[in-house]
Structure formats: C-alpha cells, structure tokens
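The values are calculated or read from the model by the stated rules, or taken from the named source; none is laboratory data. What you see is a predicted model; the values in this text were computed from it and never measured. Reconstructed Cβ throughout: ideal geometry from the backbone, glycine too, with neighbour counts over all protein chains shown.
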Amino acid sequence: MRILVTAGPTREYLDDVRYISNASSGRMGYAITQAILNAGHEAVLVSGPVSLVPPIGAEFHAVESTDQMMQTCRELFPLCDGVIAAAAVCDYKPRERIAGKMSKTGAPISLEMIETDDVLAALGKQKDSHWILGFALEAQNERENALQKLRRKNCNWIVLNRPEAIASEKNSVELLDETGSTIAAWSGTKTSVAEKLVCWLEINTASLIK
C-alpha cells in the first residue's frame, strides 16, 4: 500500500512573527509513518512544524499553514490508497494578517477569527475508492463528537483520543466505525499503538483497494 499520513500542528499567523497553533508534537503521526515503513508499505508524510526528524524512507512534505496542508494533501491523496489524518489542524485563523509586527499601544485589541478550510472533509469529497481514517481529539461528548466527525467528513473509521495524548509519549485510543461501535482499542506508547493500527489496516483495507 501507499499511505498518506498527516501529522503535527498547523500555524495561522496574526502578523509576521506571531501565530495561533496548538501543542501537537507530531509523535503519533510520525510513529504511524514509521510503522507503515516497517510493515513494508510506502509512506507519504505531510507534516506541520515539529521538532521530529522524518522517518528514513518516507516521502516527506513540510507545510506550515492549513492552506498549505490542504493543497499538498489534495495533490497527493489521489496517488495513495488511503490516508491516516493524525494532524492537529487549526480550526480558526485571523480574518486579516497584519503586515509587520503589532506594537503595544496600552489598549486592548480585538481579533476577528474565521474558520479555516477543512482538510479532512476536502479529502472525503474526493474519496472515490480510497479509504480514510481520521483522528478525533475530544474532551467532552467524546464518542458522539467523534462519530459526527466521521460521518461529516466521509471517513471509513475514526480514532478517538483525548487531550492527555498531546505532547505525550503514550496514547490510549478507540477505533470507531460508522455505526459508532468500538471495533478496536489500544493503549501504550505511540509507537506500539501505531504498530497495532497499521496491522489492523493491513487486514481490513484489502477489500477497499482497487
């Protein structure tokens, strides 16, 4: 198989030096990429800014903004059998980016935020015979929110994980299908979770690939 993986955060700039982002380390996506390679498959990694070194043997594409991740993934997805979307993409961005650097004025400031384009939903629209596995990091109404995300974004399955996974070496996840059923659950290091996930995909995606 040839599998597209998204990892890490994206950044949305307020001005030329300040940005909105999140604490995603990229470890889960990078561990998945390594597990794909270890299993003998091709891995295409699209990563936001992280401190990790891309796994040797992966086709690597570095991006920064959500728009860059969107454009890169839309170009690469048709050339892959499926995608594992582990990136923590920014949901909002400033309506306008200020040129230069904002200076203090002693007064409060207000920022108008707008939603970013949805990378996973865009891939869902061009799905065809490809498979899609999304990630949902949820803090409340966890299963309901994850299931809504799966259906709204046209995923085959979705991995539910929680805020404790952010920047951690470990993870505890549930794999949900479109009925909302938990079809697998794994806990441990992100490396071990990634290996089990890739093994599960090897068994369960064969009928979905041309």
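Assorted remarks:
- Residue 166 meets all of the listed conditions (1) within 19 Å of residue 85 (Cβ to Cβ); (2) modelled with pLDDT of 90 or more but one, namely (2).
- For the stretch 181-202, a residue qualifies if it is free of Cβ contacts under 8 Å to residues at least 40 places away in the same chain, over 17 Å from residue 132 (Cβ atoms) and of a type outside the set (Ser, Thr, Tyr), and the qualifying residues are 185, 186, 188, 196.
- Residue within the stretch 55-77 that is assigned to a helix (DSSP H, G or I), under 15 Å from residue 120 (Cα atoms) and among the acidic types (Asp, Glu) present: yes
- For the stretch 167-189, the criterion of being more than 18 Å from residue 90 (Cα to Cα), among the basic types (Lys, Arg) and touching a strand residue (DSSP E or B) at 6+ places or on another chain (Cβ under 8 Å) is met by at least one residue.
- Unique residue being within 16 Å of the chain's Cα centre (by Cα) and not small (Gly, Ala, Ser) when the list is 98, 166, 114: 166
- Pick from the stretch 139-178, criterion in a helix (DSSP H, G or I) and of a type in the set (Gly, Ala, Ser), ranking: surrounded by the fewest Cβ atoms within 10 Å (Cβ to Cβ): 165
- Per-region count, the stretch 35-54, residues part of a loop (DSSP other than H, G, I, E, B) and either farther than 20 Å from residue 77 by Cβ or small (Gly, Ala, Ser) (or both): 8
- Restricting attention to the stretch 176-206, the residues that are within 23 Å of residue 147 (Cα to Cα) and among the hydroxyl-bearing types (Ser, Thr, Tyr) total 5.
- Residue count for the stretch 5-48, restricted to those that are more than 11 Å from the chain's Cα centre (by Cα), surrounded by 16 or more Cβ atoms within 10 Å (Cβ to Cβ), in contact (Cβ under 8 Å) with a residue 24 or more places away in the chain and farther than 20 Å from residue 200 by Cα: 8.
- Condition check for residue 86: touching a Lys or Arg at 6+ places or on another chain (Cβ under 8 Å), over 17 Å from residue 20 (Cβ atoms) and of a type outside the set (D, E, K, R): no
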